[in-house]
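Right, one structure below, let's go through it.
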Amino acid sequence: MKNYEKRYEILRGMLEEEGINVDEVEKKLKNFRIETPSWGYGDSGTRFAVFKQKGSARNIKEKLQDAAIVHKLTGICPTVALHIPWDMYDDWDELLKYAESLGVKPGAINPNLFQDDDYKLGSLTHPDKRVREKAIKHILDCIEIAKKLGSRDISLWLADGTNHPGQDDFRFRKHRLEESLKEVYSHLEPDMRLLIEYKFFEPAFYHTDIPDWGTAIILSKKLGDKAYVLVDLGHHPLGTNIEQIVAILLDEGKLGGFHFNNKKYADDDLTTGSINPYELFLIFNELVSAEQDGLKMDIAYMIDESHNLKNKIEEMIQSVENIFRTYAKALIVNRKALRRYQEEQDIVMAENTLVKAFETDVMPLIYKVREEIGVPLDPLKAFRESGYMEKVIKERG
Ligand code: LRH
Ligand code: MN
Ligand code: MN
């Protein structure tokens, strides 16, 4: 890897032969940013147990420290999503300064409307107005926190739903949701955005109030220009064509962001790209294609994972690597050839054009970019050699 130059020259030559502007690809890679989640650095678990790891972050400051080392080693993760009240703090100005001193900043603010007994039957959709008002108030508090921290996005996921047919009225709940969201939306600052995250099941097992992208886009269209849809890769039924959803949302100008992770069965929150890397590639293929076609888009690329077995910081770096590498692969798709094969209805060659990019080893491009932005060529190795984990295990006990 140290002498990657030869591999780089060969790859560059091959890509240029295909008419791909390698300087442009490298520029795009340098500008790419991924947000990591505070909750990915703390101890988490399954429904059955929480597994504690030595040295894992115990509070928001320690989570920011871990996010900062990920950014230092990768160069592309300068912001950290916060979850409120998990990351509640009494002096936001001080926290912001602390984050900046580490070289990172708070990113999306995620209101938590799923861990209070009051929300057993719903939050923004709850039959009781008093509970709905409490949920709205929590989101408004989050908007205030976002203002203090300079965060633009409020990322909203609701656990609302029912477990039993007949438990509540679908349409009434929809009306309550629309009314509550309207109230929240009216408090956004002009440059703020509301990202509406859908999920088809869990924790409710009969119906969920925002089960899919269709419901999320209807809500965001009714609300207005500051409301967008957030796609969490783990939130679909098995077999769903996520890349098509991405394409439709892009075409409608309503894709606001991603929660990256990977699933095998349910909302598994596993390492991004670890179970179905080709799906991740096809998603990025839609993003790059839309961008090259000049579509207006402003997308928050965020990771939403809980790391239970692997070392949390290592799994975060691994996820960032997988996302970055997959983006690079999508950037080298020969789009002119693809379009031509589509027009000629040459299905085999059209498909092979995608597969060729997916199977190309793009690491030399990534090494080049890393060298130029001054980060280690191999962030995971650098992390293991840094002594960071040993240090925090001592400090955090
Ligand atoms: C729900 C979800 C949502 C939450 C996060 C912790 O499954 O994806 O984004 O905020 O997990
Ligand atoms: Mn999510
Ligand atoms: Mn999830």
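Read the figures in this text as sums done on the coordinates, not as results from a lab. Just so we're clear, the structure is a prediction, and the values are computed from it rather than from any experiment. Here Cβ is always computed from backbone atoms with ideal geometry, including for glycine, and neighbour counts include all displayed protein chains.
Start at zero, step by 20 Å, and the Cα-Cα distances of region 33-332 spread as 34, 61, 4 percent across the bins. Computed from Cα positions, the angle between helix 242-251 and the longest principal axis of the chain comes to roughly 80 degrees.
If you restrict to DSSP beta bridges whose two residues both lie in the chain, what percentage is antiparallel, to the nearest 5? Of the beta bridges lying entirely in the chain, close to 15 percent run antiparallel. The length gained on full extension between I347 and K182, counted as 0.36 nm times the residue separation minus their Cα-Cα distance, comes to 54.8 nm.
For K222 and E16, the FRET efficiency from 1/(1 + (r/R0)^6), where r spans their Cβ atoms and R0 equals 41 Å, is about 0.30.
Under 5 Å between amide hydrogens, built in the peptide plane, is the criterion, and for N110 it picks out L82, H83, I84, S155 among residues at least 5 positions away or on other chains. In the chain, the longest principal axis of the Cα atoms and the axis of helix 213-223 are about 70 degrees apart.
When peptides 216-226, 342-352 are ranked by their average number of other Cβ atoms within 10 Å per residue, the highest-first order is 216-226, 342-352. The gain in end-to-end length when the E371 to A266 segment is fully stretched comes to 34.0 nm, 0.36 nm per residue minus the alpha carbon separation. Dimensions of region 342-397 from C-alpha coordinates, computed as largest minus smallest value along each principal axis and given longest first, are 63, 27, 14 Å.
Protection proxy ranking for 106-119, 70-83, 168-181, using the average of other Cβ atoms within 10 Å per residue and placing the highest first: 70-83, 106-119, 168-181.
What is the distance in Å between the Cα centroid of region 139-208 and that of region 1-38? Centre-to-centre (Cα) distance: 39 Å. The slack between E9 and K394, meaning 0.36 nm per residue of separation minus the straight C-alpha distance, is 134.2 nm.
With the simple model of a label 7 Å out from the Cα in the direction of the Cβ, R33 to D169 spans 4.5 nm.
Taken about its Cα centre, the chain carries a charge dipole of roughly 600 debye when the Cβ of each Lys and Arg holds +1 and the Cβ of each Asp and Glu holds -1. For the listed residue pairs K263/K329; K72/K356; K30/K63; K54/K264; K312/K336, the alpha carbons are over 30 angstrom apart in K72/K356; K312/K336.
For a protection proxy built on the mean count of beta-carbon atoms within 10 angstrom, sort 256-263, 320-327 highest first, please. All intermediate terms of the calculation are to be shown ahead of the outcome.
Working: 256-263: 24.9, 320-327: 21.8.
Top to bottom by mean Cβ count within 10 Å: 256-263, 320-327.
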